[in-house]
Amino acid sequence: MGVTFVDIVVRRSPEAKRSASVRCLVDTGARLTILPAGTLKRLGIKPRGTERFELADGSTIKRQIGNAFVELDGRSAYTRVVFGKKGDSEILGMLTLEELHLWIDPITRSLHPLKLFLKRATHHAV
């Protein structure tokens, strides 16, 4: 399986004038999206906390997290983001893909709209 990169637009909110385009690796093994801390801070996105992350070698690191508004392929959503530091890769994680209602085809390495399902209550007349 190959790799897929996409360009996402990041803003503080849908109404925000300032935006940044960030090229990200689509990583279905990553839960959260990782974006450069400097970019997020320039856009006025503030950290809302800190989380611990485990690296492939078993060590752990701490990173700040916050919320950003992202756009991709005509879709948009608020999503949780990690404030990446120097050496961290720009990653589009599964949570953001799900919030954008997108999935990645592992064969073609292309993004497609998710088929959405809705369960409706059935009411029977008595």
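Coordinate-derived values only; no laboratory data. This structure is a prediction, so every number in the text was calculated from the model and none was measured. With ideal geometry, Cβ positions are generated from the backbone for all residues, glycine too; neighbour counts draw on all protein chains shown.
For region 12-39 versus region 51-112, the spacing of their alpha-carbon centroids is 7 Å. Taking the Cα centre of the chain as origin and assigning +1 to Lys and Arg Cβ atoms and -1 to Asp and Glu Cβ atoms, the resulting dipole is close to 580 debye.
Per-residue Karplus couplings for region 32-48, computed as 6.51 cos²θ - 1.76 cosθ + 1.60 with θ equal to phi - 60°, are listed in order as 9, 8, 10, 10, x, 4, x, 5, 4, 5, 4, 7, x, 8, 9, x, 10 Hz, Gly and Pro entered as x. Backbone amide hydrogens, once placed in the peptide plane, bring VAL81 within less than 5 Å of GLY66, ASN67, ALA68, excluding anything fewer than 5 places away on its chain. Sorting ASP57, ASP88 by the number of Cβ atoms found within 10 Å of their own Cβ, with the fewest placed first, yields ASP57, ASP88. Placing a label point 7 Å from the Cα of LYS115 along the Cα-to-Cβ direction, no residue of region 55-82 has a backbone N closer than 15 Å. The overall shape of region 5-113, judged from the alpha-carbon gyration tensor, is oblate: a/c is not under 1.5, and a/b is no greater than b/c. Projecting the Cα atoms of PRO106, THR28, ILE45 onto the charge dipole of the chain (Cβ charges, centred on the Cα centre) puts ILE45 farthest toward the positive pole.
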